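Engineer: Encoded as structure tokens, here's the structure I'll be asking about.
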Amino acid sequence: MRHRFLMCPPTHYRVEYSINAWMEGNRDRARTELAEREWNALYALLSEHADIDLLDAVPDLPDLTFAGCAGLVVGGTAYLSRFRFPERRSEEPYWRRAFEERGLSVVEMPPDVVFEGAADAVMPHGTGPVWLGYGFRTDLEAGDFLARRLGCEVVPLKLADERFFQLSMCFATLEGGYLLYYPGAFDSRSLREIERRVPPEHRYAVNERDALTLCCSCVETNGAVLLARASAEIERVLGGWGKRAIATDLREFMLAGGAARCLTLRLDEPPPAASTAGEARTVSRATVAFRSGLSPALVLEDANELSARTGVEIELLPGTRSRHQAFAVEVRGPDDETLESVLRELAGRGGMTSFPFSIEARLEEVDQDGVAPLGFYGTTIFATEVFHGGRWLRAARQRMDAVLVVDPAARTVRCSLIRDLRRGERVVVGHDGVRTVLPPGRQAESEESEAFSFMSSQASTERRAETAVESIAWEMQRLKSEGSRIVFVAGPVVIHTGGGPYLEKLIAAGYVSALLGGNAIAVHDIENSIYGTSLGVNLKRGTPMRGGHMHHISVINEVRRHGSIEKAVRAGYVRSGIFRTLVECGVPFSLAGSIRDDGPLPDTIMDLIEAQRDYARLLEGAGMIVMLSSMLHSIGVGNMTPAGVRLVCVDINVAVATKLADRGSVDSTPVVTDVGLFLNLLWRRLSEGQG
Ligand code: NAD
């Protein structure tokens with residue numbers, strides 16, 4: 001049987017404008033005469049196997065020769081294209097007339113839906129669905145419309161490579177249910193659809209080289225496959241399917257991204273096999289609202305990333321664009337399943353206030369002490385809420401690397417370390433019904449990232465310590481007057497650099513709510529108190545003392561004799577220094593052990609799990625943490641601390657200060673300076689005006 005095609009000679013064909021990646025750089029390079037020769041050759045070959053109707057060329061419509069984009073003709077109806085680009089919109093009346101003159105009933109797409117005909121809608125040529133490419137020239141909604149009109153299944157495929165901006169450039173169905181396609185042109189969901197629906201022996205994935213010869217833009221009629229170029233491999237594949245590849249040069253049209261399929265339009269496609277109405281849907285959509293205070297730009301940025309991965313389209317609904325007002329977005333997906341998974345992911349990023357699905361968090365019971373169920377949700381430093389029993393519950397004891405334990409009876413949620421889990425506890429699994437609540441500063445930071453990164457999260461060696469101290473001191477005074485807790489973490493360098501006396505003054509003045517450190521700071525502080533040395537070096541003169549190497553172990557020995565630092569202070573053995581002041585002022589401290597500890601002092605907690613617990617106890621409710629030259633203990637503390645707590649990280653090493661402060665939020669300040677100098681400046685600033 002001879003098929004029927006429509007073609008339009010390239011009398012006025014030129015590359016006059018640039019509306020796709022191929023045209024880029026090819027403006028005015030197409031030679032009309034050569035194009036006519038190539039087109040005539042294609043016409044001659046095709047007319048050997050098929051009947052061809054001709055449309056007259058029209059001046060000023062250079063792309064009219066691409067008849068394949070004019071519409072989709074199926075079962076006597078022409079679904080007229082609505083071109084995305086104004087450059088091609090003026091072709092529409094000519095195509096409408098061409099269809100009407102051939103006795104076809106013409107149907108238009110719904111208002112505002114763009115559609116580029118058979119270039120994006122590919123018929124099955126055997127059993128199977130109609131395939132619709134979207135993303136560049138055709139809207140997803142066109143699939144819905146076609147599915148309803150044709151009463152068949154339409155499978156949307158998201159085009160992800162702008163070089164293949166229409167489906168027929170990278171996807172060709174051939175008689176007998178065969179398929180040539182270029183996988184690199186699709187997103188992963190679409191590839192899964194193709195692989196699920198077309199058996200492997202019926203499809204061939206062309207490589208990029210062949211794809212770029214536009215071998216998929218081919219026309220088949222009576223076993224002959226006409227295409228611009230056929231590599232030996234393509235010839236072999238088509239031969240294996242019982243078809244004959246016939247190559248005909250179409251180089252001039254390829255300058256505009258067109259080839260055989262694009263130059264021809266089938267007029268006698270039979271209606272596809274009908275399917276159930278349920279299957280006919282191609283667009284799933286939902287509208288979701290976000291709270292005020294969030295930036296629509298940030299939500300859309302997340303959305304773009306999701307869109308590239310899943311094929312959904314996300315659009316900000318008109319009305320609001322400022323981050324101070326609530327706003328809504330419409331999410332459109334190729335199927336309900338994809339839509340829901342994207343919405344859940346968006347919800348998990350926080351700020352969503354309306355949910356078109358059940359968002360109850362999934363809980364699973366712990367069946368082995370200290371082991372979380374598979375798929376558990378791991379927390380971050382950001383405040384987290386869990387949707388349980390119909391409402392959002394804020395997790396207590398927020399920290400990173402924990403799991404969320406829900407107590408359904410008490411309707412509470414808390415963060416728990418995996419090792420602390422007990423059988424029967426109920427742990428959140430998956431991301432459903434979990435959202436993180438970013439501190440308001442995080443949004444502002446992302447929006448005005450440059451200003452903020454300069455001001456806060458980037459360590460600047462040039463920044464003078466005084467400037468940083470100024471704002472830290474101001475914040476400390478504010479927190480102190482509010483009754484908020486300020487926790488200090490300190491390493492032994494504080495003593496070596498002569499910072500001890502200033503830290504003492506801060507403790508005595510009520511700026512230190514707790515001190516966290518290791519064995520060394522206490523050993524060196526007490527050594528300094530007893531001998532005036534730190535590791536045997538006289539701190540005033542900076543010179544080693546005879547026998548000084550014994551000082552620190554003698555001190556450890558004496559404190560051990562007393563039983564604890566507190567007892568050594570109370571007994572009058574330790575008469576000055578940071579630890580005496582802590583004891584006298586009743587300020588709690590915690591010393592965590594390490595492998596390099598001498599002694600250790602009786603107060604040093606060598607059971608690390610116990611030490612972590614003790615640190616966590618003293619960190620509870622802190623409004624600010626000042627980390628002074630101890631990488632080990634500061635990192636440990638950082639891991640336990642939720643976002644929103646102001647961190648000040650003082651270290652002489654830029655890399656350490658930055659690492660400690662780098663928490664993706666504006667609430668941390670790295671200060672790159674000598675810790676002794678820092679404490680001196682800080683105390684000077686805080687004591688100003690105190691007489
Ligand atoms: P650390 O290496 O984790 O951190 C020290 C930090 O101080 C480094 O980041 C460094 O860049 C910074 N630093 C050095 N000089 C500085 C200066 N002048 N100003 C500002 N920052 C400066 O070491 P740590 O926290 O001191 O010790 C790690 C562990 O080892 C702790 O548990 C500690 O108690 C233990 N330790 C024990 C003994 C002992 O028992 N005798 C001695 C030393 C350390």
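The values are calculated or read from the model by the stated rules, or taken from the named source; none is laboratory data. Just so we're clear, the structure is a prediction, and the values are computed from it rather than from any experiment. Here Cβ is always computed from backbone atoms with ideal geometry, including for glycine, and neighbour counts include all displayed protein chains.
Engineer: Yes or no: Leu591 out of contact with any Ser or Thr (no Cβ under 7 Å at 6 or more places or on another chain) and within 16 Å of the ligand (Cβ to nearest atom)? Lay out the reasoning, then the answer.
Structural biologist: Working: out of contact with any Ser or Thr (no Cβ under 7 Å at 6 or more places or on another chain): no; within 16 Å of the ligand (Cβ to nearest atom): yes.
Judged against the criteria, Leu591 is not a match.
Engineer: A further question on this structure: If Gly483 satisfies every condition in (1) within 16 Å of the ligand (Cβ to nearest atom); (2) among the small types (Gly, Ala, Ser); (3) without any contact (Cβ under 8 Å) to a residue 40 or more places away in the chain but one, which is the exception?
Structural biologist: Result: Gly483 passes all but (1).
Engineer: Then there is this: Please work out which residue is modelled with the highest pLDDT, limiting yourself to segment 15-43 and to residues that are in a loop (DSSP other than H, G, I, E, B), crowded, with 18+ Cβ neighbours inside 10 Å and in contact with a helix residue (DSSP H, G or I) (Cβ under 6 Å, 6 or more places away or on another chain).
Structural biologist: Step by step, filter segment 15-43, then rank; the result is Ile19.
Engineer: In addition: Is it fair to say Thr138 is polar (S, T, N, Q) and crowded, with 22+ Cβ neighbours inside 10 Å?
Structural biologist: Numbers: polar (S, T, N, Q): yes; crowded, with 22+ Cβ neighbours inside 10 Å: yes.
Spelling it out, Thr138 is indeed polar (S, T, N, Q) and crowded, with 22+ Cβ neighbours inside 10 Å.
Engineer: Looking for whichever is farther than 16 Å from Gln166 by Cα and touching a Lys or Arg at 6+ places or on another chain (Cβ under 9 Å) here; the options are Glu101, Glu92. Which one fits? Outline the logic, then answer.
Structural biologist: Working: Glu101 fails: touching a Lys or Arg at 6+ places or on another chain (Cβ under 9 Å).
After applying the criteria, what remains is Glu92.
Engineer: Could you go through segment 522-536 and let me know if any residue there is closer than 30 Å to Ala643 by Cβ, surrounded by fewer than 23 Cβ atoms within 10 Å (Cβ to Cβ) and more than 16 Å from the ligand (Cβ to nearest atom).
Structural biologist: As a first pass, look at segment 522-536 and keep what is closer than 30 Å to Ala643 by Cβ: none.
No, segment 522-536 has no match at all.
Engineer: Let me ask another. Counting only residues that are under 19 Å from Asn20 (Cβ atoms) and more than 29 Å from the chain's Cα centre (by Cα), which one in segment 143-171 is surrounded by the most Cβ atoms within 10 Å (Cβ to Cβ)? Walk me through how you get there before you give the answer.
Structural biologist: Residues of segment 143-171 under 19 Å from Asn20 (Cβ atoms): 157-171.
Next, only the ones that are more than 29 Å from the chain's Cα centre (by Cα) stay: 168-169, 171.
Details: Ser168: 28, Met169: 30, Phe171: 25.
Looking at the filtered set, the residue picked out is Met169.
Engineer: In segment 44-67, which residues are over 41 Å from the mean Cα position of the chain (by Cα) and outside any helix (DSSP H, G or I)? Show your work before the answer.
Structural biologist: Initial filter on segment 44-67 (over 41 Å from the mean Cα position of the chain (by Cα)): 44-62, 64-65.
Passing the criteria: Ala50, Asp51, Ile52, Asp53, Leu54, Leu55, Asp56, Ala57, Val58, Pro59, Asp60, Leu61.
Engineer: Let me ask another. Tally up the residues in segment 616-636 that are modelled with pLDDT of 95 or more, over 20 Å from His496 (Cβ atoms) and within 12 Å of the ligand (Cβ to nearest atom), please.
Structural biologist: 0
Engineer: Just wondering, is there one or more residues in segment 539-546 that are among the basic types (Lys, Arg), more than 14 Å from the ligand (Cβ to nearest atom), within 42 Å of the chain's Cα centre (by Cα) and more than 18 Å from Leu591 (Cβ to Cβ)? Full working, then the answer.
Structural biologist: Step one: filter segment 539-546 for residues among the basic types (Lys, Arg), giving 540-541, 546.
So of that shortlist, the ones also more than 14 Å from the ligand (Cβ to nearest atom) come out as 540-541, 546.
Next, from what is left, pick out any that are within 42 Å of the chain's Cα centre (by Cα): none.
No.
Engineer: Does at least one position in segment 455-464 carry a residue that is of a type in the set (Val, Ile, Thr) and modelled with pLDDT of 65 or more? Explain how you work it out, then say what you get.
Structural biologist: Taking segment 455-464 first, the residues of a type in the set (Val, Ile, Thr) are 461.
Narrowing the set further to residues that are modelled with pLDDT of 65 or more leaves none.
Within segment 455-464, not a single residue is of a type in the set (Val, Ile, Thr) and modelled with pLDDT of 65 or more.
Engineer: Could you check how many residues of segment 507-521 are closer than 19 Å to Ala616 by Cβ and more than 13 Å from the ligand (Cβ to nearest atom)?
Structural biologist: Of the residues in that region, 3 qualify.
Quick grid of which residues meet (1) modelled with pLDDT of 80 or more; (2) out of contact with any Pro (no Cβ under 7 Å at 6 or more places or on another chain); (3) surrounded by fewer than 19 Cβ atoms within 10 Å (Cβ to Cβ):
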{"site": "Arg321", "(1), (2), (3)": "no, no, yes"}
{"site": "Val329", "(1), (2), (3)": "yes, yes, no"}
{"site": "Phe357", "(1), (2), (3)": "no, yes, yes"}
{"site": "Gln368", "(1), (2), (3)": "yes, yes, yes"}
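Engineer: Here is a further query. Can we say Arg192 is more than 17 Å from Gly126 (Cβ to Cβ), among the basic types (Lys, Arg) and surrounded by fewer than 18 Cβ atoms within 10 Å (Cβ to Cβ)?
Structural biologist: Working: more than 17 Å from Gly126 (Cβ to Cβ): yes; among the basic types (Lys, Arg): yes; surrounded by fewer than 18 Cβ atoms within 10 Å (Cβ to Cβ): yes.
Yes: the conditions hold for Arg192.
Engineer: Within 9 Å of the ligand (Cβ to nearest atom) and either within 26 Å of the chain's Cα centre (by Cα) or basic (Lys, Arg) (or both) - does that describe any residue in segment 671-684?
Structural biologist: No, because not a single residue in segment 671-684 is within 9 Å of the ligand (Cβ to nearest atom) and either within 26 Å of the chain's Cα centre (by Cα) or basic (Lys, Arg) (or both).
Engineer: Would you confirm whether or not segment 233-249 contains a residue that is touching a Cys at 6+ places or on another chain (Cβ under 7 Å), buried (at least 24 other Cβ atoms within 10 Å of the Cβ) and not aromatic (Phe, Trp, Tyr)? Before the answer, list the steps.
Structural biologist: Residues of segment 233-249 that are touching a Cys at 6+ places or on another chain (Cβ under 7 Å), as a first pass: 234.
Checking which are buried (at least 24 other Cβ atoms within 10 Å of the Cβ) leaves us with none.
So far as segment 233-249 goes, no, none of its residues is touching a Cys at 6+ places or on another chain (Cβ under 7 Å), buried (at least 24 other Cβ atoms within 10 Å of the Cβ) and not aromatic (Phe, Trp, Tyr).
Engineer: Just to be sure I understand, how many residues within segment 91-144 are in a helix (DSSP H, G or I) and either touching a Cys at 6+ places or on another chain (Cβ under 8 Å) or touching a residue at least 60 places away in the same chain (Cβ under 8 Å) (or both)? Talk me through it step by step, then tell me what you get.
Structural biologist: So in segment 91-144, the residues in a helix (DSSP H, G or I) come out as 92-101, 117-119, 140-144.
With either touching a Cys at 6+ places or on another chain (Cβ under 8 Å) or touching a residue at least 60 places away in the same chain (Cβ under 8 Å) (or both) added as a condition, the list becomes 98, 117-119, 140-141, 143-144.
So the count comes out to 8.
Engineer: Sort out which residues of segment 588-615 are surrounded by fewer than 18 Cβ atoms within 10 Å (Cβ to Cβ) and among the aliphatic types (A, V, I, L, M), and write them in order of number.
Structural biologist: Residues satisfying the conditions are Ile595, Met606, Leu608, Ile609.
Engineer: Going through segment 597-615 one residue at a time, which ones are in contact with a helix residue (DSSP H, G or I) (Cβ under 8 Å, 6 or more places away or on another chain) and either free of Cβ contacts under 8 Å to residues at least 12 places away in the same chain or within 15 Å of the ligand (Cβ to nearest atom) (or both)?
Structural biologist: Here is the first cut: in segment 597-615, the residues in contact with a helix residue (DSSP H, G or I) (Cβ under 8 Å, 6 or more places away or on another chain) are 597-605, 609, 612, 615.
Correct list: Asp597, Asp598, Gly599, Pro600, Leu601, Pro602, Asp603, Thr604, Ile605, Gln612, Tyr615.
Engineer: Next question, about the same structure. Scan segment 655-670 and give yes if some residue there is more than 8 Å from the ligand (Cβ to nearest atom), touching a His at 6+ places or on another chain (Cβ under 8 Å) and touching a residue at least 12 places away in the same chain (Cβ under 8 Å), otherwise no.
Structural biologist: Taking every residue of segment 655-670 in turn, none turns out to be more than 8 Å from the ligand (Cβ to nearest atom), touching a His at 6+ places or on another chain (Cβ under 8 Å) and touching a residue at least 12 places away in the same chain (Cβ under 8 Å).
Engineer: For segment 468-578, which fully contained helices (runs of 4 or more DSSP H) count at least 1 residues that are more than 25 Å from Ile652 (Cβ to Cβ) and modelled with pLDDT under 95?
Structural biologist: Values: elements: 493-496, 500-508, 519-531, 551-562, 565-570.
Qualifying helices (runs of 4 or more DSSP H): 519-531, 551-562.
Engineer: For the structure I just gave you, tell me whether Ile652 is among the β-branched types (Val, Ile, Thr) and within 8 Å of the ligand (Cβ to nearest atom). Can you show your working first?
Structural biologist: On the way: among the β-branched types (Val, Ile, Thr): yes; within 8 Å of the ligand (Cβ to nearest atom): yes.
It is true that Ile652 is among the β-branched types (Val, Ile, Thr) and within 8 Å of the ligand (Cβ to nearest atom).
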